[in-house]
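Everything below concerns the one structure shown next.
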Amino acid sequence: MRIVLGVTGGIAAYKAAHVLRGLRERGHAVRVVPTEAALRFVGAATWEALSGEPVTTSVFEGVERVEHVRIGHEADLVVVAPATADLLARARMGLADDLLTATLLTATCPVVAAPAMHTEMWFNPATVDNVAVLRTRGWTVIEPASGRLTGADTGPGRLPEPDDIIREALAATGRSASPAERTSDSTPAGSSSRTGVSAEDRTGAHGEGEPGPLHGVEVVVSAGGTREPLDPVRFLGNRSSGKQGAALAAAAAHAGARTTLVAANVDSGVLAELPGTVAVDEVSTTAELEAACTSHASTADVLIMAAAVADYRPAETATHKMKKSGDDLTIALVENPDILRGLVEARDAGRSRTGQILVGFAAETGSPDKPADVLAQEKLLRKGCDLLVFNDVSGDRAFGTDDNSVIVYRPGPGGAEEVARSDGSKADVSNDVIAAVAAERSR
Ligand code: C5P
């Protein structure tokens, strides 16, 4: 591949030299496009020597070769490492004030950014917003690692290790990510990653060469529970383990589907058990989950929303750890968007894939005036999804356990009608839910 390696002005720029080396060792041609600020950390001579290609930063160099358009056009992949808060902001705005941003505007290939910055910058609402927008445009923005930063401070904002950046960058093109690389344990502690294999790599398997009921179908499953940060170390979250969602992704892959799991804070042990053909997109907040699901919705045939989504998030995220004041604390919360409802509206308005099947989950305990199953049936009709999987979570059932008991409903002429009932391990329940999805598709 022809890869453009964008390098921006942060202390982590030196690690980009290892990214460059690693990409070259895997046989790729790499053109380094640093910003002016990046050259204050690592000079052009280093990039030219390691890449074997010329290095320029301005759109006014190499004008006769129309470099600001050609470099982006010819690229099979653009990797920006490190990506500063400034670069993310300029890219989000669509500025073209240097060769790197001009290249980003002309590139039609996958773009992967590995941000590195101080924790406050990473959690600043402007950066959070810029990252969410870039992800909805299809960028892969790798979560920064957590640890020692430039000064005495520590926290999220470190550039991930070069091997992790390479693995995720190549996975974004679908040409890479050998099973060995995907299951490698080299992700730094405290960091999360977005890992993927391409549609072509994900053939799906069902028995001995026999095509499964979802053969060739693209299925996206959300799992886990979203977390809404209060400050750099605290969040509002929930008790979802992600086991049921991961089991659904595994069942979809066994049924032959090209499957992606959008994993919100799912334990790495749960992710490690997934079949190698399942691509994993790790997210944390509701905004990130929404961005990932919306982006997948343009191509997905089926979206199964098993994640427990926070209905509210703090109106503000403190940039420093909040201190005790000796007084009671009141935290203002704002409502999160209903992602499932948004997906239904987009599908019905023709903004995503026609005929897409949308599956909701309802974990209900019942209320003093209504039993849990009635609440679930009402939710199906309110959300407008095609299937709703109801599980009774009264008395600690379902969360974190290996068993589950569900009823699947679909909207019928006289209200919600039951299409399946399943009781057993989360794997067995998943197979029954996937069978109900396959039946719904052939309706
Ligand atoms: O309204 P409730 O949270 O019970 O709805 C559950 C279903 O809606 C699940 O499928 C969940 O993933 C989805 N959901 C969502 N966005 C929210 C809340 C829930 O997509 N903000």
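Here, each number is a calculation from the coordinates, and none is a lab measurement. Being a predicted model, the structure only gives us computed values, none of them experimental. Methodologically, a virtual Cβ is constructed for each residue, glycine included, from the backbone with ideal geometry; neighbour enumeration extends over all protein chains shown.
A few notes on this one:
- Cα shape, the chain, gyration tensor, a/c 1.5 rule: prolate
- A DSSP coil position with no more than 13 other Cβ atoms inside 10 Å describes the following GluC sites (Glu not before Pro) in segment 281-371: E316.
- Structure remark: mean-square fluctuation, Gaussian network model of the chain, C-alpha springs under 10 Å; the largest value among E64, E53, E161 belongs to E64.
- In sequence order, calculated HN-Hα J values of segment 63-80 (Karplus, 6.51, -1.76, 1.60; Hz; x Gly/Pro): 4, 5, 9, 6, 4, 5, 9, 5, 4, x, 4, 7, 6, 8, 7, 10, 10, 10
- Cut-off 9 Å between beta-carbons: net charge of the residues surrounding S298, Lys and Arg +1, Asp and Glu -1: +2
- For a label point 7 Å along the Cα-to-beta-carbon line of S325, residues of segment 107-124 with backbone N under 19 Å: none
- DSSP beta bridge pairing in the chain, given as percent antiparallel to the nearest 5: 40 percent
- Residue-wise HN-Hα couplings along segment 131-138, as the Karplus relation 6.51 cos²θ - 1.76 cosθ + 1.60 with θ = phi - 60° gives them from phi, are 5, 4, 5, 4, 5, 5, 7, x Hz; Gly and Pro carry x.
- Beta bridges from DSSP with both residues in segment 190-442: antiparallel share about 45 percent, rounded to the nearest 5.
- Prolate/oblate/rounded label for segment 328-443 (Cα gyration tensor, a/c 1.5): oblate
- Using θ = phi - 60° and Karplus 6.51 cos²θ - 1.76 cosθ + 1.60, couplings along segment 29-45 (whole Hz; Gly, Pro as x): 8, 10, 9, 8, 10, x, 8, 4, 5, 4, 5, 6, 9, 9, x, 4, 4
- Bridge orientation summary for segment 2-173: considering DSSP beta bridges with both residues in this region, about 20 percent are antiparallel.
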